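Trainee: Mind looking over this structure? Questions follow.
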Amino acid sequence: MKRYSAFALVREALNDHKGWSRAWADAQPKDRYDVIFVGAGGHGLATAYYLGKRFGITNVAILEKGWLGGGNTGRNTTIIRSNYLQDPSAAIYEKARDLYEGLSQDLNYNVMFSPRGVLMLAQTHHEVRGYQRTAHANRLQGVETEFVGPERVKEIVPIIRLDGPRYPVLGGLWQARGGTARHDAVAWGYARACSAMGMDIIQNCEVTGVRSEAGKVTGVDTTRGAIGCGKLGMVVAGHAGVLAQMAGFRLPVESVALQALVSEPIKPCMDVVVMANTVHGYMSQSDKGEMVIGGGADGFNNYTQRGSFQHIEETVRALIETFPMVSRLKMLRQWGGIVDMTGDRSPILSKTPLEGCFVNCGWGTGGFKAIPGSGWGFAELMAKGQAPLCDAFSLDRFREGRFIDESVAAGVAH
Ligand SMILES: Cc1cc2nc3c(=O)[nH]c(=O)nc-3n(C[C@H](O)[C@H](O)[C@H](O)COP(=O)(O)OP(=O)(O)OC[C@H]3O[C@@H](n4cnc5c(N)ncnc54)[C@H](O)[C@@H]3O)c2cc1C
């Protein structure tokens, strides 16, 4: 792989840009790999990358039924923050946020990480107490956040209306080093680095069955034939339940559509991410000037990867209370992704009842921010059988009642 650099740019400019190589190879499936990942989203690709980088395991295939990054990784609103309440969550999300800070350099690929700050509005007294509690917990966990009053909120977001008709802004949880990154670039950057290590990224290859012998995984059936493996990582977000069924066990996850929309591009008016969880709406401004808007998940289980008119109306109506300027915006497009929700709103990073088969899912509405941390920890779990970042997120917790309750931090938020 040729490194991207200012020097390479000049060289290619003088060469009519004829010398660039493909970012990743178009691989054909081999008969067998040491490790197979199902799902070329951010979590699958990041895990493969850290498996190679940290543990030297590179005989790896990443199988994707569509195109890489075409699932939730390419459909999300890119909010990155680590202000969760429970210690295991703070640890994995803060590890991810920390890795995001240096990810462009690490991958030699510009993921456009923008630590512009994330503000979660407190619009009820219940939320004020909840966010003050989170700020205290974060201080103990070494995560930099603070609870700020309404005057500071207005300084951070001048276009906000503090005295909305239903829910006045009473303060907010502010994480100055939270922000956004370019979602496709995260997937593309990891894919390029995996390919450079000799891993095979195989697109248009749907896994249709899981093979096993004597309780141990041996391979998968795909639309491009059977492929053997020593270990299997299932990283398919909203389709985790479908894959688990193929492997012969059940997961405590529900799949629902989560939707988002963007407006026409306008002049820069808001340089932070703002989330209003009481009314279910959040917004940031993309580099192109579009207002990127998201709301709550659908209230019923479904696998429809698209938006609905009713969702636009609900989300926009909610946001207009605090951002009257939204009423004058034209909306350009909307979309949906299938997210996988657990009862405690925390992910599952775990071994499974099938030996050699591991599952990474349950990130629900908020897994983009976790991609580097999840990949870092899940790679260790797959290589060594245990990993400090993942151990609390095992499947056993649902049987043993060790829930990691993030319903406030992640229930409706991102
Ligand atoms: C509208 C929306 C907004 C969001 N906003 C945010 C946000 O602001 N911040 C945040 O942190 N998170 C957000 N999220 C959540 C985040 O996008 C996800 O948690 C994260 O992208 C999950 O990544 P993944 O790699 O696990 O899954 P995905 O990116 O969905 O990748 C899984 C892949 O598996 C493939 N696959 C499925 N079944 C098979 C099969 N049988 N064979 C082969 N391949 C298969 C799929 O095609 C897919 O490409 C949002 C999600 C949505 C939908």
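Trainee: Can you name the helices (runs of 4 or more DSSP H) wholly within segment 311-414 that have at least 1 residues being of a type in the set (Phe, Trp, Tyr) and within 13 Å of the ligand (Cβ to nearest atom)?
Mentor: Here the list reads 371-384.
Trainee: Additional query: Give the residues of segment 14-63 that are in contact with a Cys (Cβ under 9 Å, 6 or more places away or on another chain), of a type in the set (Phe, Trp, Tyr) and within 14 Å of the ligand (Cβ to nearest atom), sorted by residue number.
Mentor: Across segment 14-63, the qualifying residue is only Tyr49.
Trainee: Taking segment 214-224 as the search range and keeping residues that are hydroxyl-bearing (Ser, Thr, Tyr) and assigned to a strand (DSSP E or B), which one is surrounded by the fewest Cβ atoms within 10 Å (Cβ to Cβ)?
Mentor: Thr218
Trainee: Among the listed residues Ile201, Ile227, which satisfies the condition of being over 23 Å from the mean Cα position of the chain (by Cα), assigned by TED's automatic domain parsing to the domain that holds Cys357, within 14 Å of the ligand (Cβ to nearest atom) and assigned to a strand (DSSP E or B)?
Mentor: Ile227
Trainee: Restricting attention to segment 297-310, which residues are over 20 Å from the mean Cα position of the chain (by Cα) and not in a loop (DSSP other than H, G, I, E, B)?
Mentor: Phe309, Gln310
Trainee: Additional query: Mind counting the residues in segment 71-113 that are outside any loop (DSSP other than H, G, I, E, B) and within 13 Å of the ligand (Cβ to nearest atom)?
Mentor: Adding up the residues that qualify gives 11.
Trainee: Among the listed residues Gly39, Gly44, identify the single one that is assigned by TED's automatic domain parsing to the domain that holds Trp363, surrounded by 14 or more Cβ atoms within 10 Å (Cβ to Cβ), on the phi > 0 side of the Ramachandran plot and modelled with pLDDT of 95 or more.
Mentor: Gly39
Trainee: Can I ask one more? Which ones in segment 250-276 are away from the ligand (no atom under 13 Å from the Cβ), over 19 Å from Arg81 (Cβ atoms) and among the β-branched types (Val, Ile, Thr)?
Mentor: The answer is Ile266, and nothing else.
Trainee: Taking segment 317-335 as the search range and keeping residues that are surrounded by fewer than 18 Cβ atoms within 10 Å (Cβ to Cβ) and among the hydrophobic types (A, V, I, L, M, F, W, C), which one is farthest from Met291 (Cα to Cα)?
Mentor: Trp335
Trainee: Does Thr218 qualify as being of a type in the set (Ser, Thr, Tyr) and either within 12 Å of the ligand (Cβ to nearest atom) or touching a helix residue (DSSP H, G or I) at 6+ places or on another chain (Cβ under 8 Å) (or both)?
Mentor: Taking the combined requirement at face value, the residue does not satisfy it.
Trainee: Can you confirm whether Val274 is buried (at least 22 other Cβ atoms within 10 Å of the Cβ), on the phi < 0 side of the Ramachandran plot, at pLDDT 95 or above and not assigned by TED's automatic domain parsing to the domain that holds Val359?
Mentor: yes
Trainee: Identify all residues within segment 117-153 that are surrounded by 18 or more Cβ atoms within 10 Å (Cβ to Cβ), in a strand (DSSP E or B) and under 26 Å from the mean Cα position of the chain (by Cα); write none if there are none.
Mentor: If the condition is that a residue be surrounded by 18 or more Cβ atoms within 10 Å (Cβ to Cβ), in a strand (DSSP E or B) and under 26 Å from the mean Cα position of the chain (by Cα), then Val118, Leu119, Met120, Leu121, Ala122, Phe147 are the ones that fit.
Trainee: With the checklist (1) outside any helix (DSSP H, G or I); (2) without any contact (Cβ under 8 Å) to a residue 40 or more places away in the chain; (3) farther than 15 Å from Arg32 by Cα; (4) of a type outside the set (Phe, Trp, Tyr) in hand, flag the one item Arg211 doesn't pass.
Mentor: Just one mismatch for Arg211, condition (3).
Trainee: Let me ask something else about it. So Val279 fits all but one of (1) surrounded by fewer than 22 Cβ atoms within 10 Å (Cβ to Cβ); (2) more than 16 Å from the ligand (Cβ to nearest atom); (3) within 23 Å of Glu406 (Cβ to Cβ); what number is the exception?
Mentor: So Val279 meets the others, but not (1).
This table checks each residue for (1) among the hydroxyl-bearing types (Ser, Thr, Tyr); (2) crowded, with 21+ Cβ neighbours inside 10 Å; (3) within 12 Å of the ligand (Cβ to nearest atom).
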residue: Val157; (1), (2), (3): no, yes, no
residue: Leu173; (1), (2), (3): no, yes, no
residue: Gly179; (1), (2), (3): no, yes, yes
residue: Arg182; (1), (2), (3): no, no, no
residue: Ala196; (1), (2), (3): no, no, no
residue: Arg211; (1), (2), (3): no, no, no
residue: Lys231; (1), (2), (3): no, no, no
residue: Ala244; (1), (2), (3): no, yes, yes
residue: Gly248; (1), (2), (3): no, no, no
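Trainee: Okay, next question. Collect the residues in segment 286-296 that are within 18 Å of the chain's Cα centre (by Cα) and either part of a loop (DSSP other than H, G, I, E, B) or closer than 10 Å to Ile338 by Cβ (or both), keeping them in residue-number order.
Mentor: Ser286
The values are calculated or read from the model by the stated rules, or taken from the named source; none is laboratory data. Not measured: the values here are computed from a predicted model. We place every Cβ from the backbone using ideal geometry, glycine too, and count neighbours over all the protein chains shown.
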